[in-house]
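Participant: I'd like to ask you about the structure that follows.
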Amino acid sequence: MALSLGASRWRVFRTVTLPLCIPGLANAFLLLFAASLADFATPLILAGNNFPVLPTQAYLQITGLFDLRGGAALSFMLLVPALGVFLLQRYWVSRRFYVTVTGKGAGQTPFDSISPAVRAALLAACAVVAATILYFYALLLYASLVQALGANHALTLRHYRVIFTEGLRVIRDTLIIAGLAMPLGGLYGILVGYLVARKPFVGRRTMELVSMINYALPGTIVGIAYLIAFNDPPIELTGTALIIIACYVFRYGATGIRATVAMLQQIDKSLEEASQGLGAGSGTTFRRVTLPLILPAFFTGLGVVFIRSMTAISATIFLVSISWTLITVRILENITELSLGPAAAYSVLVVGIVFVVIALIGRGLRWFRAPGAIPVTSMFGG
């Protein structure tokens with residue numbers, strides 16, 4: 001419409017498109033700030049003691065000085081800037097309404113037409129980003145296949161022999177924890193999302209807020225909080241795999257919750273009301289009507305929980321033990337010991353496993369929704 005009224009593309013972008021992108025920009029800013037604030041491995045590996053940050057100092061306080069309270073106090077200081085940015089983001093977004101009304105413009109210039117120069121610039125920018133990402137992956141693979149990157153570039157498979165012999169237990173522990181957390185996180189996401197979006201009850205908003213706290217807080221705070229909460233009876237889980245699985249399920253299952261809520265907001269309640277009007281109970285309606293419709297949200301939760309279970313470090317570093325450890329922790333140990341080859345080999349293995357599992361999840365979703373596939377309801381006894 002703005003184009004049809006004679007506005008230039010730059011003016012449309014500056015006065016229409018960009019203001020409507022403020023919620024997305026604000027959320028991206030909040031997530032990036034929170035991730036940077038709580039990042040543990042990056043400053044520890046790249047800067048070490050030359051650039052101390054709160055997450056690394058909290059970790060050293062607990063593991064080096066065995067001062068749990070001191071580490072908790074340092075991690076609590078992360079709440080102040082995180083909460084400040086969160087409130088600023090909420091205030092910034094709430095000042096305006098961001099509702100779009102679609103319509104068909106009558107201008108002579110189609111809205112989707114892009115000048116060749118702009119198209120070439122966008123393609124060039126995307127190509128540069130893609131090439132940079134591929135370069136990092138290729139460099140990682142190369143580092144895992146040479147004797148010592150930067151010193152001896154003779155090809156070898158020694159690093160892979162190390163991780164599949166000495167590191168076999170670490171790989172097994174990681175796959176067990178990720179394999180258990182993935183379905184539990186997916187089920188947790190759709191059940192809580194369904195309750196929040198469809199079932200009115202006292203404390204529903206509180207449940208939604210509490211379910212998102214684990215995801216919103218920096219991982220360092222979450223890891224120390226779990227360590228303190230489950231370090232003593234009656235619920236003593238420290239040192240077990242259960243505490244790591246619980247952390248992953250309740251922290252990263254929030255993505256499935258938001259995906260489920262978003263999908264249910266697009267599904268008319270009359271579908272469920274018709275099922276209940278024909279005599280079906282709430283459980284049957286959820287299993288045979290609602291669940292097939294929100295299946296993509298379930299698979300989204302599966303994918304996110306598995307990826308984070310394979311790659312998380314900021315919260316995990318406080319929860320691992322002699323009995324249970326993870327690949328990300330072993331990578332960090334190898335880096336600090338200057339064993340770049342095994343660390344690169346572990347990283348390549350993680351990337352490969354993640355790509356394979358995500359491909360299987362995507363294939364499973366397409367299979368469940370294929371016209372000739374077995375109905376989803378029959379998979380649950382329908």
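The values are calculated or read from the model by the stated rules, or taken from the named source; none is laboratory data. Not measured: the values here are computed from a predicted model. Backbone-built Cβ (ideal geometry, glycine too); neighbour counts: all protein chains shown.
Participant: Within the range 225-243, which residues are among the aromatic types (Phe, Trp, Tyr) and either free of Cβ contacts under 8 Å to residues at least 24 places away in the same chain or not assigned by TED's automatic domain parsing to the domain that holds Thr316 (or both)?
Facilitator: Passing the criteria: only Phe230.
For (1) at pLDDT 80 or above; (2) farther than 30 Å from Ile322 by Cα, each residue gets a yes or a no:
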residue: Ile243; (1), (2): yes, no
residue: Ala246; (1), (2): yes, no
residue: Val249; (1), (2): yes, no
residue: Ala254; (1), (2): yes, no
residue: Ala259; (1), (2): yes, yes
residue: Leu271; (1), (2): no, yes
residue: Ala297; (1), (2): yes, yes
residue: Phe306; (1), (2): yes, no
residue: Ser309; (1), (2): yes, no
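Participant: Please enumerate the residues belonging to the range 54-64 that are within 17 Å of Met77 (Cβ to Cβ) and without any contact (Cβ under 8 Å) to a residue 12 or more places away in the chain.
Facilitator: Result: Leu60, single match.
Participant: Residue by residue through the range 285-301, note down the ones that are polar (S, T, N, Q) and in contact (Cβ under 8 Å) with a residue 24 or more places away in the chain. Please lay out each step first, then the result.
Facilitator: Taking the range 285-301 first, the residues polar (S, T, N, Q) are 285, 290, 300.
Answer for the range 285-301, where residues must be polar (S, T, N, Q) and in contact (Cβ under 8 Å) with a residue 24 or more places away in the chain: Thr290, Thr300.
Participant: Among the listed residues Val93, Val101, which satisfies the condition of being at pLDDT below 65, farther than 25 Å from Arg308 by Cα and surrounded by 15 or more Cβ atoms within 10 Å (Cβ to Cβ)?
Facilitator: Details: Val101 fails: surrounded by 15 or more Cβ atoms within 10 Å (Cβ to Cβ).
Matching residue, one of Val93, Val101: Val93.
Participant: On to the next question. Go through the range 189-288 and tell me which helices (runs of 4 or more DSSP H), entirely inside it, have 3 or more residues that are of a type in the set (Ser, Thr, Tyr). Lay out the reasoning, then the answer.
Facilitator: Details: elements: 204-216, 219-229, 241-252, 254-264, 270-277, 282-285.
Qualifying helices (runs of 4 or more DSSP H): 204-216, 282-285.
Participant: When the residues of the range 348-378 are narrowed to those that are part of a helix (DSSP H, G or I) and of a type in the set (Lys, Arg), which ends up modelled with the highest pLDDT? Can you show your working first?
Facilitator: So the first thing to find is which residues in the range 348-378 are part of a helix (DSSP H, G or I), and the list is 348-368, 376-378.
Keeping just the survivors that are of a type in the set (Lys, Arg) gives 363, 366.
Working: Arg363: 87, Arg366: 81.
Ranking the qualifying residues of the range 348-378, first place goes to Arg363.
Participant: Need the failing condition index for Ile213 against (1) more than 19 Å from the chain's Cα centre (by Cα); (2) farther than 27 Å from Ile353 by Cβ; (3) not polar (S, T, N, Q), just the number.
Facilitator: (1)
Participant: Related question: Just name the residue that is farthest from Thr174 (Cα to Cα) out of those in the range 244-276 that are surrounded by fewer than 15 Cβ atoms within 10 Å (Cβ to Cβ) and in contact (Cβ under 8 Å) with a residue 60 or more places away in the chain.
Facilitator: Residues of the range 244-276 that are surrounded by fewer than 15 Cβ atoms within 10 Å (Cβ to Cβ), as a first pass: 262, 265-266, 268-271, 273-274, 276.
Then keep just the ones that are in contact (Cβ under 8 Å) with a residue 60 or more places away in the chain; that gives 265, 269.
On the way: Gln265: 36, Lys269: 41 Å.
Selected residue: Lys269.
Participant: Related question: For Ser309, work out the one condition from (1) touching a residue at least 12 places away in the same chain (Cβ under 8 Å); (2) within 20 Å of Thr165 (Cβ to Cβ) it doesn't fulfil.
Facilitator: The failed condition is (2).
Participant: Out of everything in the range 216-232 that is of a type in the set (Val, Ile, Thr) and more than 16 Å from Ser309 (Cα to Cα), what residue ends up being nearest to the chain's Cα centre (by Cα)? Step through it out loud before you land on a result.
Facilitator: Looking only at the range 216-232, we keep the residues that are of a type in the set (Val, Ile, Thr), and these are 220-222, 224, 228.
After this cut, where a residue has to be more than 16 Å from Ser309 (Cα to Cα) as well, the list is 221, 224, 228.
On the way: Ile221: 17, Ile224: 19, Ile228: 24 Å.
Taking the candidates together, the pick is Ile221.
Participant: A follow-up question, please. Within the bounds of the range 326-337, is there any residue that is touching a residue at least 24 places away in the same chain (Cβ under 8 Å), part of a helix (DSSP H, G or I) and acidic (Asp, Glu)?
Facilitator: No, every residue in the range 326-337 fails to be touching a residue at least 24 places away in the same chain (Cβ under 8 Å), part of a helix (DSSP H, G or I) and acidic (Asp, Glu).
Participant: Still on this structure, please answer the following. Have a look at Leu187, Leu157, Leu145, Leu149 and point out the one that is of a type in the set (A, V, I, L, M, F, W, C), closer than 30 Å to Val210 by Cβ and either surrounded by fewer than 20 Cβ atoms within 10 Å (Cβ to Cβ) or not assigned by TED's automatic domain parsing to the domain that holds Val350 (or both).
Facilitator: Details: Leu157 fails: closer than 30 Å to Val210 by Cβ; Leu145 fails: closer than 30 Å to Val210 by Cβ; Leu149 fails: closer than 30 Å to Val210 by Cβ.
Testing whether each residue is of a type in the set (A, V, I, L, M, F, W, C), closer than 30 Å to Val210 by Cβ and either surrounded by fewer than 20 Cβ atoms within 10 Å (Cβ to Cβ) or not assigned by TED's automatic domain parsing to the domain that holds Val350 (or both) leaves just Leu187.
Participant: Test Pro23 against the criterion of being assigned to a helix (DSSP H, G or I), modelled with pLDDT under 70 and within 30 Å of the chain's Cα centre (by Cα), and give yes or no.
Facilitator: So Pro23 passes the test.
Participant: Follow-up. Considering only residues of the range 225-243 that are of a type in the set (Val, Ile, Thr) and within 16 Å of Phe66 (Cα to Cα), which is surrounded by the most Cβ atoms within 10 Å (Cβ to Cβ)? Before the answer, list the steps.
Facilitator: First pass over the range 225-243, keeping only residues of a type in the set (Val, Ile, Thr): 228, 235, 238, 240, 243.
From what is left, the residues that are within 16 Å of Phe66 (Cα to Cα) are 228, 238.
Numbers: Ile228: 15, Thr238: 17.
If we take residues in the range 225-243 being of a type in the set (Val, Ile, Thr) and within 16 Å of Phe66 (Cα to Cα), then Thr238 is surrounded by the most Cβ atoms within 10 Å (Cβ to Cβ).
Participant: Assess whether Ser309 counts as being in contact with a helix residue (DSSP H, G or I) (Cβ under 9 Å, 6 or more places away or on another chain), part of a helix (DSSP H, G or I), outside the structural domain of Leu65 (by TED's automatic domain parsing) and closer than 30 Å to Leu65 by Cα. Quick ask: steps written out before the conclusion?
Facilitator: Values: in contact with a helix residue (DSSP H, G or I) (Cβ under 9 Å, 6 or more places away or on another chain): yes; part of a helix (DSSP H, G or I): yes; outside the structural domain of Leu65 (by TED's automatic domain parsing): yes; closer than 30 Å to Leu65 by Cα: yes.
Answer is yes for this residue.
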